[in-house]
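A quick write-up on the structure given underneath.
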Amino acid sequence: MGIRSRRLDAEALASLLKVEDFLALGELICHEDAREARRLRCIDVADEAARMCQEEGVAFLSHQWASFEHPDPDGVQYRAMVKAVEEVLERGIKCSWIWVDYCSIPQRNTFQQQTAINSLSVYASYCSVFLSVVPPCIHSDTGHDIDINSYCSRAWCRLEKLSYGTAGWNADGRLAFMCTQEGITNDWKAIFDDESVLDVAGGAFSCCARNHPDGKPCDKQKIVGVLLGIYWRLLATVRDAPENADRATALLKLIDQDEKRYFPPYTSYISETGSTRIELFDGFLPVLRDMFLQDTEADHHQRVVVPGVGDPQLDDFLPQARARVKVNMTSL
């Protein structure tokens, strides 16, 4: 436990940009280009991530992509991000580092990308300010308006909000801003107190809108690990921080009322070859709850290390859960 407790409990390194470098980029660049330009600071130690969050400030930027292949073909999103970050700095809020999906998550290597996605809620645990950047613009491929309504409907945007909004229940000074053409507003409830935030699987996915060209699988498969981690986080919050668990309790109640909506066992998607049915969360939650009970019965120092009051070590419990689901299903 000594070694594991010191490392960042994530499958992939947290990749951040220095705020000065981000403001000087001129445009959003992909993770690989940022890495080659030596613009990324990669963190794999929990103590260092916590120190950066508390002492220097780390901003999590959330936004809707403005095309299928590039997040910001016309630069509208980047300019809005710069404006939002500059206003945060003008308010005296610590913001020395930036996390933003296109720069911080690998874009070319699908395995590396998936491990980073699995770690999304861990990354969010070590961010001190959340910026929902929603400039009005037009999606370059669909011609549809991008606005606050479309942003809130996007599955990936919901996942980012859920990852941050369920972390750090005991932390002081964690902030959230909605950033529109009118400026930025500090409105935690407007961003996170929305039942749709929990409905990530029911959100809009670009892959589904495109009917999964070139045989690409549905992105809904990519969210399974991180959503199970967030579910564990909610359980751990109620257990370990009951004085701050009102919202976690409310979200768990919603899940109990309609578990198949928020954690659908299966989904179907359309592609060039027709309709395909795939497994998502089938059998996972009962196993996860059983594992959580075992974790609760263990001595406190032997429990899963949970940054943000509740992220499981995905590399440990997901393979165990998958194996146990298979055993349970074959015994029926």
Qualifying position, being under 20 Å from Asp199 (Cβ atoms) and either outside any helix (DSSP H, G or I) or touching a residue at least 24 places away in the same chain (Cβ under 8 Å) (or both), among Ser268, Ser275: Ser268
Test: Leu28 is within 28 Å of Ser153 (Cβ to Cβ), buried (at least 19 other Cβ atoms within 10 Å of the Cβ) and either of a type in the set (A, V, I, L, M) or in contact with a His (Cβ under 7 Å, 6 or more places away or on another chain) (or both): yes
Criterion violated by Asp246 - all others in (1) of a type outside the set (Gly, Ala, Ser); (2) more than 21 Å from Gln64 (Cβ to Cβ); (3) in contact (Cβ under 8 Å) with a residue 24 or more places away in the chain satisfied: (3)
Criterion (touching a residue at least 12 places away in the same chain (Cβ under 8 Å), in a helix (DSSP H, G or I) and charged (D, E, K, R)) met by exactly one of Arg108, Arg79: Arg79
Qualifying residue in segment 193-207 (condition: in contact with a His (Cβ under 9 Å, 6 or more places away or on another chain) and either buried (at least 21 other Cβ atoms within 10 Å of the Cβ) or among the acidic types (Asp, Glu) (or both)): no
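Being surrounded by fewer than 23 Cβ atoms within 10 Å (Cβ to Cβ) and within 19 Å of the chain's Cα centre (by Cα) is true for just one of Thr180, Thr185, Thr115. Which residue is that?
Details: Thr180 fails: within 19 Å of the chain's Cα centre (by Cα); Thr185 fails: within 19 Å of the chain's Cα centre (by Cα).
Within the list Thr180, Thr185, Thr115, the selection yields Thr115.
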Residue among Val304, Val309 that alone is on the phi > 0 side of the Ramachandran plot, modelled with pLDDT under 95 and either acidic (Asp, Glu) or part of a loop (DSSP other than H, G, I, E, B) (or both): Val309
Tally, over segment 41-68, of residues that are modelled with pLDDT of 95 or more and within 22 Å of Leu159 (Cβ to Cβ): 11
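Check Arg233, Arg277 and return the single one that is touching a helix residue (DSSP H, G or I) at 6+ places or on another chain (Cβ under 7 Å) and within 21 Å of Ala155 (Cβ to Cβ).
Arg233
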Unique match (being surrounded by fewer than 21 Cβ atoms within 10 Å (Cβ to Cβ), touching a Gly at 6+ places or on another chain (Cβ under 7 Å) and among the small types (Gly, Ala, Ser)) among Ser96, Ser125, Ser121: Ser96
Within segment 49-67, tally of residues that are buried (at least 16 other Cβ atoms within 10 Å of the Cβ) and either assigned to a loop (DSSP other than H, G, I, E, B) or without any contact (Cβ under 8 Å) to a residue 60 or more places away in the chain (or both): 5
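Considering every residue within segment 12-21, establish whether at least one is at pLDDT below 95, in a loop (DSSP other than H, G, I, E, B), of a type outside the set (Ser, Thr, Tyr) and surrounded by 14 or more Cβ atoms within 10 Å (Cβ to Cβ). Steps first, answer last, please.
Going through segment 12-21, the residues at pLDDT below 95 turn out to be 12-14.
Going one step further and asking which of them are in a loop (DSSP other than H, G, I, E, B), we end up with 12-13.
When the remaining residues are screened for being of a type outside the set (Ser, Thr, Tyr), the result is 12-13.
This time we only want the ones that are surrounded by 14 or more Cβ atoms within 10 Å (Cβ to Cβ), so: 12-13.
Taking every residue of segment 12-21 in turn, at least one turns out to be at pLDDT below 95, in a loop (DSSP other than H, G, I, E, B), of a type outside the set (Ser, Thr, Tyr) and surrounded by 14 or more Cβ atoms within 10 Å (Cβ to Cβ).
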Segment 228-247 - residue that is of a type outside the set (Phe, Trp, Tyr), touching a Phe, Trp or Tyr at 6+ places or on another chain (Cβ under 7 Å) and part of a helix (DSSP H, G or I) and, of those, surrounded by the most Cβ atoms within 10 Å (Cβ to Cβ): Thr237
Whichever residue in segment 259-277 is surrounded by 12 or more Cβ atoms within 10 Å (Cβ to Cβ) and more than 22 Å from the chain's Cα centre (by Cα) and, among such residues, is farthest from Leu234 (Cα to Cα): Ser271
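The values are calculated or read from the model by the stated rules, or taken from the named source; none is laboratory data. As the structure is a computational prediction, the values presented were derived from the model and not from experiment. Every residue, glycine among them, receives a Cβ derived from its backbone with ideal geometry; neighbour counts consider all protein chains shown.
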